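Below: one structure, written as structure tokens.
The values are calculated or read from the model by the stated rules, or taken from the named source; none is laboratory data. Note that this is a predicted model, so its numbers are computed, not measured. Here the Cβ positions follow ideal geometry from the backbone for every residue, glycine too, while neighbour counts run over all protein chains shown.
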Amino acid sequence: MSTRPDHHEPEGATHAVARQRKLWNRQAPRYDRQIAFWERHLFDDARAWTCARASGSVLEVAAGTARNLPYYSADIQFTGLDVSPAMLDIAADRARDLGRTVQLDDGDAHALPYDDATFDTVVCTFSLCNIPDHRRAITEMYRVLRPGGTLLLADHVVSTSRPIAVLQKVIEKATFWLVADSQTRRPMPLVVDTGFVIDEQRRYKKGIVELIQAHKPS
């Protein structure tokens with residue numbers, strides 16, 4: 001079972017956020033099929049690694065179609081936020097099929113609609129590459145985490161291989177135009193700059209995939 005508030009356009013939504021909503025509403029019917037290819041050939045166990053470390057009251061930012069939901073422990077309290085109502089409709093169906101009670105909220109990662117220090121864990125997987133202002137999104141994640149709370153990130157980032165990084169820069173021109181997807185970002189420095197303490201970090205597939213576990217100091 002899931003609870004869904006009515007969708008409201010975030011106050012002061014930027015053109016970039018409005019574009020994201022339009023893009024992901026259009027992509028929603030085929031998203032699961034498309035992302036499954038990358039999960040098999042690039043991401044490996046990233047979702048399992050990330051979600052296994054979540055506990056307590058969990059917020060997933062840019063939850064999409066809730067592909068992570070099967071990987072979470074049954075005892076967490078799950079809130080998923082996404083900019084696309086169409087993606088959240090699929091997430092609600094997935095939660096129902098799994099017999100999970102969740103809260104799904106339409107909203108903008110740049111201005112999370114939650115009070116300070118609300119969640120024990122904040123998760124974001126393969127989405128900071130798409131969020132227009134990822135620095136602001138990470139700052140918001142910090143704000144809504146309780147002191148001592150855990151941040152869990154998984155994303156594709158700029159490769160440690162120079163030839164691959166150059167290729168990513170070229171590809172980025174197309175992916176950003178098509179689905180606002182950046183190939184050469186790396187959230188790790190922003191996580192540290194925001195004030196998080198890194199507890200664990202992994203990079204693999206020529207450094208293209210990075211997993212981060214960090215915490216907000218008490």
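General observations
- Looking at 97, 116, 82, just one residue is of a type outside the set (Ser, Thr, Tyr) and under 24 Å from residue 15 (Cα atoms), and that residue is 82.
- Leading residue by the ranking (farthest from residue 79 (Cα to Cα)) among those in the range 50-67 that are surrounded by fewer than 22 Cβ atoms within 10 Å (Cβ to Cβ) and of a type in the set (Ser, Thr, Tyr): 55
- Residue under evaluation residue 139, criteria (1) polar (S, T, N, Q); (2) within 21 Å of residue 46 (Cα to Cα); (3) assigned to a helix (DSSP H, G or I), criterion not met: (2)
- Whenever a residue of the range 171-190 is without any contact (Cβ under 8 Å) to a residue 40 or more places away in the chain, its partners that are in a helix (DSSP H, G or I), lying with C-beta atoms within less than 9 angstrom and at least six residues away or across chains, give the pairs 178/23; 184/165; 184/168; 184/169; 184/172.
- If the condition is being touching a residue at least 60 places away in the same chain (Cβ under 8 Å) and part of a loop (DSSP other than H, G, I, E, B), then the range 45-91 contributes 53, 54, 55, 56, 62, 64, 83, 84.
- From 73, 2, residue being at pLDDT below 95, of a type in the set (Gly, Ala, Ser) and closer than 19 Å to residue 102 by Cβ: 2
- Qualifying residue in the range 190-204 (condition: of a type in the set (Phe, Trp, Tyr), surrounded by 12 or more Cβ atoms within 10 Å (Cβ to Cβ) and farther than 28 Å from residue 22 by Cα): yes
- Residue in the range 193-205 that is assigned to a loop (DSSP other than H, G, I, E, B), at pLDDT 95 or above and of a type in the set (Lys, Arg) present: yes
- Under the condition of being of a type in the set (Val, Ile, Thr), within 12 Å of residue 142 (Cα to Cα) and either free of Cβ contacts under 8 Å to residues at least 60 places away in the same chain or assigned to a loop (DSSP other than H, G, I, E, B) (or both), the residues counted in the range 92-129 number 1.
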